[in-house]
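Right, one structure below, let's go through it.
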Amino acid sequence: MSAAAAAGTWKLGDLEVNRIGYGAMRLTGNGVMGNSDGTPIDRDAAVDLLHSAFEQGVNHIDTASFYFSPLRSANELINRALSRRYRDVVVVTKVGPGRDPSGEWLAMVRPDQLRGQVEENLRQLGRDHLDVVNLRCAGPGTASVTEHFGALAELRQAGLIRHLGLSNIRPEQVVEALPIAPVVCVQNSYGLDWRHADETGLVDLCRAQGIAFVPYFAVSGLRREAAAGQEHDARVRSVARAHDATPAQVRLAWTLHRGPHVLAIPGTRNPAHLAENLAAGSLRLTEEELAVLDGPVGPTTSPGTHG
C-alpha cells in the first residue's frame, strides 16, 4: 500500500482518490495573499517533488491558475510533472477570483467571465477538460452562488468540466447549488485551531450529502499561508510524543478522523515534509487522544519557525 493510500479513499463523483493529496500553492514561492517564503523553488526540483508525491500514491492535486509568482506557475509545473501520468492524477482547480499578470487581486468575476478562467486553466494544465472545478466565493458576504454555479454547470454540460465543487462557502450555499448540478467537494479553511465548519454544520452537511470536505490550512491553522512554525499547542505536542510523530502529522490525523469524507491537501516544498505529511494517513489516534485534542487549549510556547 502506498503512503497516500493508508487513510483510505473517497470518490469525487466517479473519480476515486486517496484521502491525502497535495496542495500546490506553495510551489510558486507565494501564498494566495502574496506572502512569500523565499526565492521560488527551482523548476526541476518542483517537478521532482511532484513526481515523488505521485510515486508515494498522491493522485489528488489542488491548484488554481492564480497560484503564480513572477517566476513560477503552479499549473504549469503540474502540467510538466504530469506529462506521463495524465490519466493517473485527479487535478482540482478553482475559479471565481483572479489575479492580473502583475499579481494584483481582482474582484469576483462575473458569471460570463468564468469560461475564460476555465479555458486558462485548460491551457496551463495542457488538458482538454478539467477533472474538478471549484467555484471559490469571495467570502462570507457572497449572497448567492446561483448565477456563477449555473455558468459552470453549463460548461460542465459542454464537456469542459467533469465535476463541480465549491470553496470558501457557507452551508446554505451548498444547498443552493445542489439543485443546479452535483457538488462533489467543498473546500473551506478548517483545522484544530479553526472549527467554524463544525459550528455551522458544514462538515456534517457534506457527510450527509456524500460530498468530500477538503480543508485547507489544516496544518498551518490560524497562520494560514505563513511558513510552518514551532508547535505551540501542548495537546498536540503530547499526542505527537506518544506516537513518535510530528505535530503536523497529529494535526492532519485529527482532521482525517473527522470522517471518511474528509480529505487532506497539505502543501510543502520540502521532500522530507512531503513524506511526513503522507505518513500521517497511517497515524491512528485513540478516542482518549481525540478527546484531549478536542478539549481546552493547554500551555503554549512562543511561536518560531523551522526550515
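The values are calculated or read from the model by the stated rules, or taken from the named source; none is laboratory data. Please read these numbers as outputs of a predicted model, since none were measured by experiment. Positions of Cβ are backbone-derived with ideal geometry, glycine not excepted, and every protein chain shown enters the neighbour counts.
Is it the case, given these coordinates, that Glu16 is on the phi < 0 side of the Ramachandran plot, modelled with pLDDT of 85 or more, out of contact with any Cys (no Cβ under 7 Å at 6 or more places or on another chain) and not in a helix (DSSP H, G or I)? Yes, satisfied.
Scan the stretch 294-307 and tell me whether some residue there is in a helix (DSSP H, G or I) and at pLDDT 95 or above. For the stretch 294-307, residues in a helix (DSSP H, G or I) and at pLDDT 95 or above: absent. Scanning the stretch 182-209 for residues that are surrounded by fewer than 23 Cβ atoms within 10 Å (Cβ to Cβ), at pLDDT 95 or above, in contact with a Leu (Cβ under 8 Å, 6 or more places away or on another chain) and over 11 Å from Pro171 (Cβ atoms) gives a single hit, Pro182. Of all residues in the stretch 137-154, those satisfying the criterion of being of a type outside the set (Val, Ile, Thr) and either surrounded by fewer than 22 Cβ atoms within 10 Å (Cβ to Cβ) or at pLDDT below 95 (or both) are Cys137, Ala138, Gly139, Pro140, Gly141, Ala143, Ser144, Glu147, Gly150, Ala151, Ala153, Glu154. Applying the criterion of at least 3 residues that are of a type outside the set (S, T, N, Q) and within 18 Å of the chain's Cα centre (by Cα) to the helices (runs of 4 or more DSSP H) found wholly in the stretch 42-151 leaves 43-55, 74-81. Cβ separations smaller than 6 Å between residues 6+ apart or across chains give the following pairs from the stretch 88-117 residues that are farther than 16 Å from Ala74 by Cβ to residues that are of a type in the set (Lys, Arg) and at pLDDT 90 or above: Gly96/Arg136.
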